[in-house]
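Asks: Quick one: this structure, given as structure tokens, is what I'll be asking you about.
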Amino acid sequence: MTPTMIFAVSLFTFFSTPGFLISLIWSLKNEGAFKMLSTAAGLDLQKTASHSPEAGKAMKFLLIDFTCQMAGFNLLAVLIIWIPFREGELWAWCALWSYPLMFAWHYFHYAKKTGFSVVQIVYGILSSAALLLTFTQFS
């Protein structure tokens, strides 16, 4: 593998593997998800969920749904990164553009001037750079 491919595979693995593991933990222990998403949203979701039993049930359902989607996305990404992307398949390179798009989407929807919004910009730039640097290695 070339140095740019090593960089890209390492970077995308860094995004996906912890995301997958965190989503599994959060699906069992919702407090972590409440805390992170509260920071990203700019409001206390746990406090909102505690206002009524119905709000609490709805919030728990949405967190479980979110963590399941997060686990599925990250597991699929790891498989794409480590098999077809490493083998130079163009469709895998195209599929990984979902990362810069996802980070941009997060940036526009997260509360501004938080650590989470800044991270989205950095990750978006890094993932775009990794993809642009590896383009010539795909057929």
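Asks: May I ask you to verify whether Phe61 is in contact (Cβ under 8 Å) with a residue 12 or more places away in the chain and either under 14 Å from Phe20 (Cβ atoms) or surrounded by fewer than 17 Cβ atoms within 10 Å (Cβ to Cβ) (or both)?
Replies: Working: in contact (Cβ under 8 Å) with a residue 12 or more places away in the chain: no; either under 14 Å from Phe20 (Cβ atoms) or surrounded by fewer than 17 Cβ atoms within 10 Å (Cβ to Cβ) (or both): yes.
Spelling it out, it is not the case that Phe61 is in contact (Cβ under 8 Å) with a residue 12 or more places away in the chain and either under 14 Å from Phe20 (Cβ atoms) or surrounded by fewer than 17 Cβ atoms within 10 Å (Cβ to Cβ) (or both).
Asks: Is it true that some residue in segment 128-136 is part of a helix (DSSP H, G or I) and closer than 27 Å to Thr39 by Cα?
Replies: yes
Asks: Next question, about the same structure. With the structure loaded, tell me whether Ala49 is over 30 Å from Met5 (Cβ atoms) and in contact with a Lys or Arg (Cβ under 8 Å, 6 or more places away or on another chain) or whether it fails that test.
Replies: Spelling it out, Ala49 is indeed over 30 Å from Met5 (Cβ atoms) and in contact with a Lys or Arg (Cβ under 8 Å, 6 or more places away or on another chain).
Asks: Is it the case that Gly42 is under 21 Å from Leu24 (Cα atoms) and at pLDDT below 90?
Replies: Details: under 21 Å from Leu24 (Cα atoms): no; at pLDDT below 90: yes.
Answer is no for this residue.
Asks: Just checking, how many residues over segment 7-55 are surrounded by fewer than 17 Cβ atoms within 10 Å (Cβ to Cβ), free of Cβ contacts under 8 Å to residues at least 60 places away in the same chain, within 30 Å of Thr134 (Cα to Cα) and among the hydroxyl-bearing types (Ser, Thr, Tyr)?
Replies: Total meeting the criteria: 1.
Asks: So, one more: Against the definition (exposed (fewer than 14 other Cβ atoms within 10 Å of the Cβ), closer than 22 Å to Asp44 by Cα, over 17 Å from the mean Cα position of the chain (by Cα) and not hydrophobic (A, V, I, L, M, F, W, C)), how does Lys112 come out, yes or no?
Replies: Spelling it out, Lys112 is indeed exposed (fewer than 14 other Cβ atoms within 10 Å of the Cβ), closer than 22 Å to Asp44 by Cα, over 17 Å from the mean Cα position of the chain (by Cα) and not hydrophobic (A, V, I, L, M, F, W, C).
Asks: When segment 64-100 is examined, which residues are found to be crowded, with 18+ Cβ neighbours inside 10 Å and either without any contact (Cβ under 8 Å) to a residue 12 or more places away in the chain or of a type outside the set (A, V, I, L, M) (or both)?
Replies: Thr67, Asn74, Phe85, Trp93, Tyr99, Pro100 - these are the residues of segment 64-100 that are crowded, with 18+ Cβ neighbours inside 10 Å and either without any contact (Cβ under 8 Å) to a residue 12 or more places away in the chain or of a type outside the set (A, V, I, L, M) (or both).
Asks: Also, quick follow-up: Please go through segment 93-124 and give me each residue that is among the β-branched types (Val, Ile, Thr), in contact with a helix residue (DSSP H, G or I) (Cβ under 8 Å, 6 or more places away or on another chain) and part of a helix (DSSP H, G or I), ordered by number.
Replies: Residue satisfying the conditions is Ile121 alone.
Asks: Being of a type in the set (Ser, Thr, Tyr), in a helix (DSSP H, G or I), under 20 Å from the mean Cα position of the chain (by Cα) and closer than 27 Å to Gly115 by Cβ is the requirement here; does Thr48 meet it?
Replies: Judged against the criteria, Thr48 is not a match.
The values are calculated or read from the model by the stated rules, or taken from the named source; none is laboratory data. Model, not experiment: these values are computed from the prediction. Neighbour counts are summed over all protein chains in view; Cβ atoms, including those assigned to glycine, are modelled from backbone coordinates with ideal geometry.
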